[in-house]
Amino acid sequence: MNKLTFFPKNTIGIFDSGVGGLSVLREIRNQVPDSPIIYFGDQFHVPYGQRELDEVYSLSRVITQFLLNLGAGIIVVACNTASAAALYPLREEFQGIPFVGMEPAVKPAAEKTHSGKVGVLATPATFQSKLYNSVVERFAKNVKIYQNTCSGLVQEIEKGNFSGIETRNILENALYPMLENEIDSIVLGCTHYPFVIPLIKEIVGPDVTVIDPAPAVAKQTMRILSKDIDSGANKNKNNTILLTSGSIKEFKNFINLIDINNYEIHQVKWSQDKSEINIVHEK
Ligand code: DGL
């Protein structure tokens, strides 16, 4: 039994494989300072990007059910990989629940590019997905796309390594060949990557536009909130609950690196058969 009932119904539930979705949470917070939020980082299973899409879907549906049980009234899939694997089937399965998902912002990049060349950074699972390929097919037919999976970058960001040598090497190896091919925009197709935007900008220079879809996702969440959901919350309480299925200590260390206020952190645990998630109650 989960006993985490801090909030009234109609909380915003957000999830990602780990800390990446916090880049989306930050944007949502900027736009809705008072709405209660429950964030789930599945750090036990991070990275999702190297898993089969079916497995990511199975994890995503259990997480969705868990967030709904805790009172979420809207689910933000703040993970490109989980959106690619699960967004459509989740909408089918949980009818009546509004879902906001992510897709790499190839469309705005294709509309704005002058060189006709665009870079996309995303996980292997995202690149393999139907969702991504249909976006490219529909909106970027006349654009040359350069893709890179930035192997190891998600893990470095999980450790809070935003500008160290390992992170720099991964990004330089991904971006220099794209720059040689004269890309003029770079799409961040993984929600972990906004945490390294300063380093990406340093590497690509001022003439390349870096596109982070998080603000657009936050706006979409706002639109749904004002229609469907009572966004009033208890302003006297911490209105952000952060949950991790990984190490609470490492999660706390990460939160200290970024700008999030008024939160509580709790640990959760997957059941052995991965069909359930439970709060770990501190003694
Ligand atoms: N943050 C995730 C995304 O947007 C996934 C990273 C991972 O776990 O591989 O795709």
Open item on the list: Against the condition in a loop (DSSP other than H, G, I, E, B), more than 16 Å from the ligand (Cβ to nearest atom) and either touching a residue at least 24 places away in the same chain (Cβ under 8 Å) or surrounded by fewer than 24 Cβ atoms within 10 Å (Cβ to Cβ) (or both), how does residue 50 come out, does it pass?
Closed with: no
Open item on the list: For the list (1) away from the ligand (no atom under 15 Å from the Cβ); (2) in a helix (DSSP H, G or I); (3) in contact (Cβ under 8 Å) with a residue 12 or more places away in the chain; (4) surrounded by fewer than 20 Cβ atoms within 10 Å (Cβ to Cβ), I need the number of the one condition that residue 182 fails.
Closed with: (2)
Open item on the list: Six or more apart or on different chains, Cβ atoms under 6 Å: show the pairs whose first residue is in segment 15-33 and closer than 14 Å to residue 216 by Cα and in contact (Cβ under 8 Å) with a residue 60 or more places away in the chain and whose second is in a loop (DSSP other than H, G, I, E, B) and within 15 Å of the ligand (Cβ to nearest atom).
Closed with: 21/78; 21/79; 21/191; 23/191; 24/78; 24/191
- [ ] Mind listing just one residue for me: the one in segment 27-47 that is within 11 Å of the ligand (Cβ to nearest atom) and assigned to a loop (DSSP other than H, G, I, E, B) and, of those, surrounded by the most Cβ atoms within 10 Å (Cβ to Cβ)?
- [x] 42
TODO: For residues that are of a type in the set (Ser, Thr, Tyr) and at pLDDT 95 or above, scanning just segment 28-67, find the one that is farthest from residue 102 (Cα to Cα).
DONE: 58
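Let's see how each residue does on (1) more than 26 Å from residue 207 (Cβ to Cβ); (2) part of a helix (DSSP H, G or I); (3) among the hydrophobic types (A, V, I, L, M, F, W, C):
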{"site": "60", "(1), (2), (3)": "yes, yes, no"}
{"site": "66", "(1), (2), (3)": "yes, yes, yes"}
{"site": "73", "(1), (2), (3)": "yes, no, no"}
{"site": "76", "(1), (2), (3)": "yes, no, yes"}
{"site": "89", "(1), (2), (3)": "yes, yes, no"}
{"site": "109", "(1), (2), (3)": "no, yes, yes"}
{"site": "114", "(1), (2), (3)": "no, no, no"}
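The values are calculated or read from the model by the stated rules, or taken from the named source; none is laboratory data. Given the structure is predicted, the values throughout are model-derived calculations rather than measurements. All Cβ positions, even for glycine, are placed from backbone atoms using ideal geometry, and neighbour counts span all protein chains on display.
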